[in-house]
Every structure is written in C-alpha cells, then in structure tokens.
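S.K.: Handing you this structure, nothing more for now.
The values are calculated or read from the model by the stated rules, or taken from the named source; none is laboratory data. No experiment lies behind these values; they were computed from the predicted model shown. Please note: Cβ atoms are built from the backbone with ideal geometry, for glycine as well, and neighbour counts cover all protein chains shown. Quick note on the areas: whole protein, heavy atoms, side chains included, nothing else; ligands and nucleic acids left out. Shrake-Rupley method; radii C 1.70, N 1.55, O 1.52, S 1.80 Å.
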Amino acid sequence: MTPPETSLPLGATIGILGGGQLGRMSAMAAARLGYRCHIFAPDADSPGMEVAAAHTLAEYDDVAALHRFADAVDVVTFEFENVPAETLAALEGRVPCRPGTRALAICQDRIVEKRFLAEAGVPVAPWREVTTEAELQAGIAEIGLPAVLKTTRLGYDGRGQAVLRRLEDAAPAFARLSPKPLILEAFVPFTAEISGIAARGLDGTVATYDAIENRHRHHILDLSFAPARLPASAAAAAQAHVAQVATALELVGVVALEMFLLADGSLLGNEIAPRPHNSGHWTMDACHCGQFEQHIRAVAGLPLGSPARHADAVMRNLVGSEGLAAWPGILAQQDVVPHWYGKLEARPGRKLGHANRLLPLDTLHALDDAAATSGL
Ligand SMILES: Nc1ncnc2c1ncn2[C@@H]1O[C@H](COP(=O)(O)OP(=O)(O)O)[C@@H](O)[C@H]1O
Ligand SMILES: [Mg+2]
C-alpha cells in the first residue's frame with residue numbers, strides 16, 4: 001500500500017517541543033521511519049537533543065525562535081502537555097501542529113479535562129471547583145472526606161495536591177496550594193490504577209493497546225503490568241474509554257487515559273495525557289508497533305501500525321540513584337530490554353531509564369507480583 005498523499009515524505013523534519021525522554025524516544029522512532037527530528041527545548045541537558053538531527057535551545061515564549069523553528073520543520077508535535085498554549089498558538093498557522101491547541105488546552109486544566117471526560121462518556125469521581133476557602137468547606141460538605149485537593153494546572157508525579165482526611169486538613173492544604181485555581185475531588189477507593197493508550201491517525205483511525213495496570217512509588221510510576229490483570233469486561237471498557245477520548249479530542253497522535261478500577265469492576269477516568277505515556281513504554285518491545293512509532297506515524301500522516309501485543313510485559317522505571325544502581329543488574333538479564341535516557345545527573349525522583357521484562361504471551365496473569373517482577 002502506498003502511504004496517503006498527505007503523509008510526510010522520507011527525509012522530512014518533525015519538530016518536537018520538549019527535550020525529555022519522551023521526545024528522545026519519539027526521535028529515535030522517527031529516525032527508524034526515515035524522518036529527521038528538530039527538538040525545541042529550554043534546557044541544554046535535554047536527552048532528546050542527543051539523538052535529534054537539530055535542536056533549538058530557547059524558552060517557550062521566545063516568539064522569534066519559535067517562528068524560526070516553524071520555518072525549519074514540516075510538522076510540530078510536543079512531548080509534554082505543559083508547553084504553554086501560547087507557544088503552540090505561535091506555531092499554528094505557520095506549520096501543522098499535531099496534536100493542536102484544542103487537545104492541549106483540554107488536557108492542561110483538570111476542570112476542563114473532567115468536563116470533557118464526562119462529555120466523552122467516561123465517568124469521573126465527584127469534583128468541585130475551588131477558588132476560596134468557603135468553596136472548599138462547601139465542597140467538603142457535599143463530597144465528603146477523604147478528598148483530594150489539587151491545583152488545576154501544572155501538576156505531575158503527585159505534585160500540587162493534598163489528601164484531606166479530616167476537616168482540620170482543609171485550611172493548611174488550602175494555604176499551601178492557593179491562590180492557584182484548585183479542584184476538590186472525592187477520594188477514590190480504587191483497587192488498582194489502570195491506563196489505556198490509543199493512537200489516532202490523521203484519517204481518524206484509532207488503534208488501542210491492551211489495558212495496563214500501574215503501581216506507583218513515592219507518587220512516581222514504578223511498575224506497569226501489561227496486560228492488566230482484569231476481568232475481560234473491565235479490560236474492554238478501559239480500551240473503549242481511551243478510544244472515546246482519542247476520538248472526542250480529534251487528536252492526531254498518541255493519548256493516554258489514567259483510570260481508577262473500583263471493587264465492583266467499574267472504571268473512573270482520572271487524567272488524560274495527549275502524548276506517549278510512561279505506562280506505555282512496554283509497547284516498545286512487546287507490540288508490533290510501539291507507542292513512539294505510533295505517535296510518529298500519526299503525526300507524519302502515515303497509516304497507523306498494529307498495536308497487537310506479541311508478548312506479556314512488565315515495565316520498571318529506573319529512578320534516581322536507585323535506578324542508576326540497578327542498571328548493571330538489568331543489563332545482565334536475558335529477558336529484559338534496557339532503555340537508558342542519557343541524563344547527566346541522577347537527581348532524586350528523576351526518571352533515568354526503564355526496563356521491559358518480556359514474558360511469553362498470556363502468562364502474566366498466572367504469576368504473583370514477585371514472580372512477575374523478578375530480575376527487574
Ligand atoms: N481522587 C483521587 N482518589 C484517590 N487517589 C487519587 C486521586 N487523585 C489522585 N490520586 C492518586 O494520586 C496519583 C497522582 O494523581 P494524578 O491526578 O494522576 O496527578 P499527576 O499524575 O498529574 O501527579 C494518582 O495516580 C493516584 O494514585
Ligand atoms: Mg497521573
């Protein structure tokens with residue numbers, strides 16, 4: 001099959017806003033498809049720049065640099081959703097941006113995101129907008145405790161949030177997080193955290209990966225189990241939810257949906273990431289077409305690849321000094337695929353790499369956690 005005429009020709013340049021590991025792995029996937037990448041990021045210590053054909057070292061509000069970047073690339077994507085909306089706005093009109101400003105704006109604000117999820121048919125836990133302490137008290141009276149107070153914007157890895165267990169927790173949490181706009185969410189007594197990952201092509205086709213179960217340590221993703229050990233109906237619902245999100249966002253690229261699994265087997269949507277996601281790193285080695293290749297295919301207007309899983313997988317994040325210490329052991333495992341991001345400093349909480357343990361297809365469900373993670 002010849003690629004559609006709207007697809008980027010071989011040798012074309014994909015611009016990526018952001019120079020972290022997601023940009024790096026996207027650039028590596030792009031190179032394999034015959035594209036060049038140009039990374040735009042404000043930080044010289046950007047793992048993405050090491051593997052890209054070109055880079056621009058500039059701030060996201062440097063309009064002149066953004067315009068030069070737009071002129072130098074054929075399409076623009078981003079690797080993290082906290083790129084200022086104005087940055088993408090300065091590029092749109094000069095160069096195709098995939099995803100565009102609408103998807104970015106929805107995923108940057110937890111309140112807009114919650115409304116969008118409900119409209120897209122994904123249930124969410126009760127929530128209230130909070131700008132004053134009186135609104136917080138009223139929200140607690142309506143939603144009950146425990147609850148979670150979060151900044152509506154710029155949160156990640158659990159930053160910008162507080163769990164309220166008693167009424168006395170409300171005032172100090174409000175004092176710490178305000179005056180930023182806040183959202184109060186009911187605390188969800190989840191039995192597991194699940195994510196779904198999908199890609200949507202330029203032609204509207206959606207490809208969905210198997211649902212994933214995620215475990216966090218110190219609020220940072222630690223392990224992903226793929227496929228999630230779920231009843232078939234819940235696994236299908238998780239996949240359906242992320243596909244609904246991809247379609248409703250009219251996204252071109254990869255999207256992840258974080259969800260909570262409840263004891264009754266139902267799912268609640270939590271957050272959307274309009275980009276390749278940490279919980280999808282296992283797809284690089286366990287699927288026909290991994291999430292980074294899929295993202296580049298979408299952005300380049302190519303037909304999507306197959307998201308089919310040819311192995312079961314457990315992904316471990318390698319974080320901080322512990323992750324650095326684990327690396328030689330990871331390299332010694334025959335069934336583990338290592339990925340290192342080339343960061344210069346092993347700061348606490350920093351994601352330095354990940355390791356994908358591959359298991360024979362449809363064997364993960366029979367293993368306990370110790371057996372599933374051995375060697376990782
Ligand atoms: N409403 C909630 N109820 C229970 N746990 C929550 C709730 N919101 C967040 N959490 C926990 O905190 C983690 C981080 O919250 P999240 O909303 O995903 O923000 P971010 O990943 O941007 O830091 C979640 O993965 C989950 O473990
Ligand atoms: Mg999250």
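S.K.: In the stretch 192-372, carbon and sulfur make up what percent of the accessible area (probe 1.4 Å)?
M.R.: That fraction is 56 percent.
S.K.: With only Lys, Arg, Asp and Glu charged, each at its Cβ (+1 for the first two, -1 for the last two), find how big the charge dipole of the stretch 193-239 is about the Cα centre; round to the nearest 20 debye. The partial results should precede the final answer.
M.R.: Numbers: 4 positive and 5 negative charges, 19 e Å.
That gives the stretch 193-239 a dipole magnitude of about 100 debye.
S.K.: Let me ask something additional. What is the spin-label model distance, in nm, from residue 365 to residue 68 if the labels are put 7 Å beyond Cα along the C-beta direction?
M.R.: So the label points at residue 365 and residue 68 sit 5.6 nm apart.
S.K.: A further question on this structure: Arranged from highest to lowest average of other beta-carbon atoms within 10 Å per residue, in what order do the peptides 8-17, 149-158 appear?
M.R.: Most protected by this proxy first, the peptides run 8-17, 149-158.
S.K.: Let me ask another. With the other protein chains left in place, how much accessible area per residue, in square angstrom, belongs to the stretch 149-295 at a 1.4 angstrom probe?
M.R.: Ligands and nucleic acids excluded, the result is 37 Å² per residue.
S.K.: If a/c stays under 1.5 just call it rounded; otherwise compare a/b with b/c (prolate if a/b is bigger, oblate if not). Do that for the stretch 126-186, with a ≥ b ≥ c from the square roots of the Cα gyration tensor eigenvalues.
M.R.: rounded
S.K.: May I ask you to list the residues of the stretch 14-31 whose amide nitrogen lies under 18 Å from a point 7 Å from Cα along the Cα→beta-carbon direction of residue 82?
M.R.: Those under the cut-off are 17-24.
S.K.: Along the Cα→Cβ direction, 7 angstrom out, place labels at residue 327 and residue 89. What is the inter-label distance in nm?
M.R.: With each label placed 7 Å out from Cα toward Cβ, I get 4.2 nm.
S.K.: Using a 7 Å offset from the Cα along the Cα-to-Cβ direction at both residue 165 and residue 344, what is the distance between the two label points in nm, to one decimal?
M.R.: If labels sit at residue 165 and residue 344, their model points lie 4.2 nm apart.
S.K.: Follow-up question, since we're still on this one. Sort 367-374, 353-360, 109-116 by packing, meaning the average of other beta carbons within 10 Å per residue, with the highest value first.
M.R.: Working: 367-374: 12.5, 353-360: 21.1, 109-116: 18.9.
Most protected by this proxy first, the peptides run 353-360, 109-116, 367-374.
S.K.: What is the local net charge at residue 161, summed over the other residues whose Cβ is closer than 14 Å to its Cβ (Lys, Arg +1; Asp, Glu -1)?
M.R.: Once all neighbours under 14 Å are counted, the net charge is +2.
S.K.: Right, next: When the Karplus curve 6.51 cos²θ - 1.76 cosθ + 1.60 is applied with θ = phi - 60°, which whole-Hz ³J(HN,Hα) does each residue of the stretch 201-207 get, with x for Gly and Pro?
M.R.: Per residue, the Karplus-derived 3J(HN,Hα) values read x, 4, 8, x, 5, 10, 10 Hz.
S.K.: Further question: What share of the DSSP beta bridges in the chain is antiparallel, in percent to the nearest 5?
M.R.: Bridges in the chain that DSSP calls antiparallel: roughly 80 percent.
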